[in-house]
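Colleague: One structure, as structure tokens, below. Some questions next.
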Amino acid sequence: MRAALFTFDPTVVVDSLRAELFPRFDPKQTALVTDAAALRRDFLDDKSMYQHPRALPNPAGQPTFYAPVPHENTALPIAAVTPGCVEAVAAVVRVCYRHRCPLVVRGGATGLEGGCVPLYGGVVLDTSNLVTTRVDAENGVAWVGAGVRKLHLAKHLGPLGLLFGPDPASNPTIGGMVSTSGSGMTTIRYGTTRENVVSLVVVTATGEIIRTRQPVRKASTGLDLTNLFIGSEGTLGVVVEACLKIHRLPIHRTGAMVTFPSLHDAVRAVVAMRKAQGARGTGQLVRCELINGEGIAAGNKEFRTQLTPVPTVLLEFQGDVVDSLTDEFRTAERVFREHSCQHINYVERGAELDTVWEARRGCYMAARKARGKGTAAATIEPVYISDVCVPMTTLADCVKQTEEDFRKEGVPCIICAHIADGNFHAMVPFATAKERQQTLELDARLIARAVRMGGACSGEHGIGLGKVKHLLQEHGQAHLALQRGIKAAMDPRGIMNPGKFYPPAPLTLGGSPAPPLAASPPAAHL
């Protein structure tokens with residue numbers, strides 16, 4: 001199937017890349033790697049450019065994504081390019097378009113669904129050299145290169161008294177955050193990446209450079225291309241720069257830890273708190289996270305915290321007046337006490353909870369060692385990470401049924417949740433092929449449950465390879481056909497990140513299979 005979809009000549013493509021890039025662009029800023037040994041070293045070892053840097057061997061000994069996706073079904077790229085400017089990106093795309101060569105964009109490789117796997121070989125475009133940052137504080141925006149890391153941007157903005165709102169637990173690139181509309185732990189206050197992007201600079205699938213809109217508060221001048229590219233995972237074009245909303249750093253941080261006798265009680269309490277704060281909230285609640293008892297126990301082991309291993313809600317409030325933050329906490333406290341909380345610890349200096357927040361960020365790291373059964377010296381195991389989002393009205397039931405399903409199967413489950421958003425992750429360590437299959441079946445049931453309750457199969461991790469097969473039950477055939485039509489119009493040769501994101505087309509009216517715009521991987525991969 002791969003040969004039928006793409007029949008490019010690798011030698012011609014590589015020669016064309018050299019001709020387009022050099023000597024026009026400085027080789028110190030725009031790198032081109034074509035040596036097979038170097039590509040194999042960079043792409044097939046544990047620090048692979050297309051594997052998650054924390055990927056671990058599966059029971060068969062092959063590196064996997066969390067999805068998980070066996071690497072033997074991934075073709076080695078013919079070249080890896082690291083452009084140093086927008087024009088160099090456009091030159092690479094034009095070569096790929098001209099020769100009908102697959103092009104996969106790679107950011108920080110922190111994705112969890114295999115979004116930057118080069119299934120069909122071709123060219124991998126690494127954005128790590130696109131690192132310009134221009135702050136326009138007067139207009140409340142910053143123009144940021146796609147390769148800038150989240151933490152680097154925070155260090156740049158912090159001395160200016162500014163911040164970028166979305167806060168994923170990992171350290172992705174801005175381009176990656178745009179491509180999946182990543183969010184994290186501060187969505188309750190700032191929204192997802194989608195709500196924090198004003199405009200984008202994009203290289204289209206034909207190699208044209210466009211800006212999606214003027215960076216103004218209002219613009220009623222055409223289709224919303226900005227939001228079309230956000231969340232498209234590199235299948236419509238290459239995001240090279242983003243105009244982001246920036247915010248003033250608050251003066252004070254306060255926080256709280258609240259424990260509950262059961263996960264269901266904790267979720268019900270958070271739902272009630274959100275309802276109570278809907279009318280009175282001042283927007284000062286910035287983080288509201290939930291960790292179940294197994295997650296707390298794993299975090300204690302990994303980060304040497306000493307928390308009681310019971311379901312725990314973590315809160316952080318930020319603002320300029322401490323008394324106002326305390327008042328907002330009191331509203332939450334009243335609701336929590338009405339919903340059977342066991343213990344509440346409120347701290348007026350939010351920094352005192354930094355160790356606990358670090359443990360929350362490290363739920364995945366803790367899950368790897370939770371059982372202590374790994375074959376490595378550090379007893380590290382692979383971990384599967386789910387990601388669903390449901391309405392607040394069905395959240396408590398969804399979490400309860402999920403916990404019961406895992407318990408019935410005897411499968412350990414660490415739940416870490418952006419609970420005030422209705423978004424939760426089940427992290428499941430596995431060591432054998434049987435455990436892996438059992439985990440995939442549990443996740444499929446979790447996704448079906450979430451969709452039945454009006455939710456989404458992915459709240460923030462994207463589609464990539466791992467979620468493709470679940471899209472039909474969430475969206476329906478007509479919806480997916482419309483998406484495929486948009487893909488065909490914007491990427492007429494189907495070169496942009498092929499094999500992901502779009503489920504294959506159904507049978508045509510004549511009964512023969514419609515040619516896929518992007519073929520899905522075999523079911524065994526998922």
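No lab work stands behind these numbers, since they all come straight from the coordinates. Here the structure is a predicted model, which means the values were calculated and not measured. With ideal geometry, Cβ positions are generated from the backbone for all residues, glycine too; neighbour counts draw on all protein chains shown.
Colleague: If r is the Cβ-Cβ distance from Gln437 to Thr379 and R0 is 22 Å, what FRET efficiency results, to the nearest 0.05? Write out the running numbers ahead of the final one.
Modeller: Working: r = 22 Å, r/R0 = 1.01.
In this case the efficiency is close to 0.50.
Colleague: I'd like the Karplus ³J(HN,Hα) series for segment 86-101: coefficients 6.51, -1.76, 1.60, θ = phi - 60°, whole numbers in Hz, and an x wherever there's a Gly or Pro.
Modeller: 4, 5, 5, 4, 4, 5, 5, 4, 4, 4, 5, 5, 4, 9, 6, 9
Colleague: Once the piece of chain linking Arg407 and Asp9 is laid out straight, how much longer is it, given 0.36 nm per residue of separation minus the C-alpha distance between them? Each step should come with its number before you reach the end.
Modeller: Numbers: separation 398, 0.36 × 398 = 143.28 nm, distance 5.26 nm.
Result for the pair: 138.0 nm of gain on full extension.
Colleague: Continuing with this model, one more query. Using the Karplus curve 6.51 cos²θ - 1.76 cosθ + 1.60 with θ = phi - 60°, work out ³J(HN,Hα) for each residue of segment 241-258 in order, rounded to whole Hz, and write x for Gly and Pro.
Modeller: 7, 10, 9, 10, 6, 10, 10, 6, 5, x, 7, 10, 10, 10, x, 7, 10, 10
Colleague: Please report, in debye to the nearest 20, how large the charge dipole of segment 133-248 is about its Cα centre when each Lys and Arg carries +1 at its beta carbon and each Asp and Glu carries -1 there. Write down the numbers at each step before the final one.
Modeller: Working: 12 positive and 8 negative charges, 63 e Å.
The calculated dipole for segment 133-248 is roughly 300 debye.
Colleague: At each listed q (0.08, 0.11, 0.13 Å⁻¹), what is the log10 of I(q)/I(0) that the Debye formula gives for the chain modelled as equal alpha-carbon point scatterers?
Modeller: -0.52, -0.99, -1.36
Colleague: Report the extension gain between Ala444 and Leu76 in nm, rounded to one decimal, defined as 0.36 nm multiplied by the number of residues separating them, less their alpha carbon distance. If you can, show how the numbers build up before the last one.
Modeller: Details: separation 368, 0.36 × 368 = 132.48 nm, distance 2.99 nm.
Contour length minus the Cα-Cα distance gives 129.5 nm.
Colleague: Angle between the Cα long axis of helix 477-490 and the longest principal axis of the chain, 0 to 90 degrees, nearest 10?
Modeller: 50 degrees
Colleague: Find the cysteines in the chain that fail to meet the 4.7 Å Cβ criterion with every other cysteine, and list them.
Modeller: Cysteines lacking a close Cβ partner in the chain: Cys85, Cys116, Cys243, Cys288, Cys341, Cys389, Cys398, Cys413, Cys457.
Colleague: Would you mind getting me the FRET efficiency between Lys301 and Thr221? Use the beta-carbon distance for r and R0 = 45 Å, nearest 0.05.
Modeller: Details: r = 55 Å, r/R0 = 1.23.
The value I calculate is 0.25.
Colleague: Taking a cut-off of 19 Å, what percent of all Cα-Cα pairs in segment 435-503 are separated by more than that? The partial results should precede the final answer.
Modeller: Numbers: 938 of 2346 pairs.
Every Cα pair in segment 435-503 considered, those over 19 Å come to 40 percent.
Colleague: Also, quick follow-up: Can you quote the Å³ per residue value for the convex hull of the Cα atoms in segment 144-216, rounded to an integer? Intermediate values should be presented prior to the final figure.
Modeller: On the way: hull volume 7.4 nm³, N = 73.
Given the Cα convex hull of segment 144-216, per-residue volume reads 102 Å³.
Colleague: Roughly how many nanometres apart are two label points built 7 Å out from the Cα toward the Cβ at Arg337 and Phe22?
Modeller: 7.1 nm
Colleague: At 4 °C and a viscosity of 1.567 mPa s, what translational diffusion coefficient does Stokes-Einstein give for segment 419-461, taking Rh as the Kirkwood radius over Cα pairs? Give it in µm²/s as a whole number.
Modeller: Details: Rh = 11.5 Å.
The Stokes-Einstein estimate is 113 µm²/s.
Colleague: With +1 on each Lys and Arg Cβ and -1 on each Asp and Glu Cβ, how big is the dipole of segment 252-452 about its Cα centre, in debye rounded to the nearest 20?
Modeller: On the way: 26 positive and 26 negative charges, 91 e Å.
For segment 252-452, the charge dipole is close to 440 debye.
Colleague: Another question, then. If you put +1 on each Lys and Arg Cβ and -1 on each Asp and Glu Cβ, how big is the dipole of the chain around its Cα centre, in Debye rounded to 20? Walk me through the intermediate numbers first.
Modeller: Working: 56 positive and 49 negative charges, 73 e Å.
It works out to roughly 340 debye.
Colleague: For a Förster distance of 30 Å, can you work out the FRET efficiency between the beta-carbons of Arg248 and Ile486, rounded to the nearest 0.05? Let's see the in-between values first.
Modeller: Details: r = 37 Å, r/R0 = 1.24.
E(calc), rounded to 0.05, equals 0.20.
Colleague: Can I ask one more? Using θ = phi - 60° and the Karplus relation 6.51 cos²θ - 1.76 cosθ + 1.60, list the HN-Hα couplings for segment 164-180 in order, rounded to whole Hz, with x at every Gly or Pro.
Modeller: Result, ordered by residue: 9, x, x, 9, x, 5, 8, 10, x, 7, 5, x, x, 4, 5, 5, 10 Hz.
Colleague: Also: Going by the alpha-carbon gyration tensor, a ≥ b ≥ c the square roots of its eigenvalues, is segment 264-416 rounded (a/c under 1.5) or, if a/c is not under 1.5, prolate (a/b greater than b/c) versus oblate?
Modeller: On the way: a/c = 2.39, a/b = 1.50, b/c = 1.60.
In terms of gyration-tensor shape, oblate.
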